[in-house]
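Visitor: Take this structure, written in structure tokens, and hold onto it; I'll ask about it next.
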Amino acid sequence: MARNLACWHQPTGWTVRVLVSEVVDGSLAVDDPVGALRQRREALRPGPWTWLRQVHGDRVVLIDGPGDGVGSEADASVTVRSDTVLSIQVADCAPIALAAPGGLAVVHGGWRGLRAGVLERASECLAEAAPGPQVAVVGPCIRACCYEFGSADLDALCTQFGEGVRALTSGGRPAFDVPAAVRIVLERCGISSMEFDGACTGCDERYWSHRVDGSDRRQALVAWMEAP
Ligand SMILES: [Zn+2]
């Protein structure tokens, strides 16, 4: 069942809640039949969800209220409005939530998006909308054990993020360490308070994996702020 990834009590008196769905909650892929998808969303968090047409780019959209910006072509969203439900759909890429006093961001963090700078853009947009220290939580994503990578792509990623993202699969093949890259970017953004879910979507059966079985189905990270 869907799990609480984070519950942050903010100095503003607001509470930030972050959930991640699992296979048993059904696919939250945005192109699933609309009727069934609405029911699955309602079961997790009632009310309109702002979902994005994710394209592995660096665009961030500012969301001005519940249901605003639905279907925007972007890989991150930011809001300063309470009860405005933001969501990201993934099946290996890292779903990330950032919060600052009075503000919230969600980010689709795959290797292409990270390379494009989507996480930095989201942190910057959040800082403009809601100044103050940021905290982060990173949901289940593919980990090095299951994420074999070609040498040329891996070398390019190491040039950008440092050798800390070079790892090995459980079979001893070259691998990209997504959580390590996310940690490096968050630190570069000045964020020191971060939590990582330990699950690997590749080898944990609670989650879908595009890399391991070509799945078109997706889990969702869902986040919103509640005013007292
Ligand atoms: Zn794994």
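Every read-out reported here was derived from the displayed coordinates using simple, explicitly stated rules and does not represent laboratory data. Since we're looking at a predicted model, the values are computed, not measured. With ideal geometry, Cβ positions are generated from the backbone for all residues, glycine too; neighbour counts draw on all protein chains shown.
Visitor: Evaluate 2.2 N^0.38 Å with N set to the residue count of the stretch 2-151, then give the Cα radius of gyration divided by it.
Guide: The stretch 2-151 yields a ratio of 1.01.
Visitor: Roughly how far apart, in whole Å, are the Cα centres of the stretch 14-63 and the stretch 198-220?
Guide: What the calculation gives is 16 Å, centre to centre.
Visitor: Moving to a separate point now. When the Kirkwood radius is taken over all Cα pairs of the stretch 132-207, what Stokes-Einstein diffusion coefficient follows at 20 °C and 1.002 mPa s, in µm²/s?
Guide: Taking Rh from Cα pairs, D becomes 164 µm²/s.
Visitor: Let me ask another. With both bridge residues required to lie in the stretch 51-106, what share of the DSSP beta bridges run antiparallel, to the nearest 5%?
Guide: Details: 7 of 13 bridges.
Rounded to the nearest five, the antiparallel share is 55 percent.
Visitor: If you count the DSSP beta bridges with both ends in the chain, what percent of them are antiparallel, to the nearest 5?
Guide: Numbers: 36 of 49 bridges.
If we restrict to bridges inside the chain, about 75 percent are antiparallel.
Visitor: Moving to a separate point now. Which residue fluctuates the most in the chain, going by a Gaussian network model with Cα springs under 10 Å, if the choices are Thr169, Thr159, Thr79?
Guide: Thr159
Visitor: Now for a separate question. What does the helix-only formula give at 222 nm for the chain: each DSSP H stretch with n ≥ 4 adding -39500 (n - 2.57), the total divided by the residues, and the result rounded to the nearest 500 deg cm²/dmol? Mind showing how you got there, number by number?
Guide: Values: 6 runs with 55 residues, N = 228.
Helix contribution divided over all residues of the chain: -7000 deg cm²/dmol.
Visitor: For the chain, set up a Gaussian network in which alpha carbons nearer than 10 Å are linked by springs, and say which option among Val23, Val80, Val106 fluctuates the most.
Guide: The residue that fluctuates most here is Val23.
Visitor: Say the dipole of the stretch 1-158 comes from +1 at the beta carbon of Lys and Arg and -1 at that of Asp and Glu; which of Leu119, Gln89, Thr15 then lies farthest toward its positive end?
Guide: The residue sitting most towards the positive pole is Thr15.
Visitor: Given the peptides 65-73, 26-34, arrange them by the average over their residues of other C-beta atoms within 10 Å, most packed first.
Guide: Packing proxy ranking, top to bottom: 26-34, 65-73.
Visitor: Something else now. Given 0.36 nm per residue, what is the gain on full extension from Ser192 to Cys145 after removing their alpha carbon distance, in nm?
Guide: Once the chain is fully extended between Ser192 and Cys145, it gains 14.4 nm.
Visitor: Can you give me the angle between helix 178-188 and the longest principal axis of the chain, using Cα atoms only, in degrees from 0 to 90, rounded to the nearest 10?
Guide: So the helix axis and the longest Cα principal axis differ by about 60 degrees.
Visitor: Nearest 10 degrees, 0 to 90: what angle lies between the long axis of helix 118-129 and the longest principal axis of the chain (Cα atoms)?
Guide: It works out to around 30 degrees.
Visitor: Please report the net charge: other residues with Cβ closer than 14 Å to the Cβ of Val34, K and R +1, D and E -1.
Guide: After counting each charged neighbour, the total is 0.
Visitor: First check a/c for the stretch 1-76, with a ≥ b ≥ c the square roots of the eigenvalues of its C-alpha gyration tensor; if it is under 1.5, answer rounded, and if not, answer prolate when a/b is larger than b/c or oblate otherwise.
Guide: In terms of gyration-tensor shape, oblate.
Visitor: Running a GNM on the chain with Cα contacts under 10 Å, which residue among Val90, Val185, Val55 ends up with the highest mean-square fluctuation?
Guide: Looking only at Val90, Val185, Val55, the biggest GNM fluctuation is shown by Val55.
Visitor: Karplus couplings for the stretch 67-78 from phi (6.51 cos²θ - 1.76 cosθ + 1.60, θ = phi - 60°), rounded to Hz, Gly and Pro as x?
Guide: x, 5, x, 4, x, 4, 7, 6, 10, 7, 9, 9
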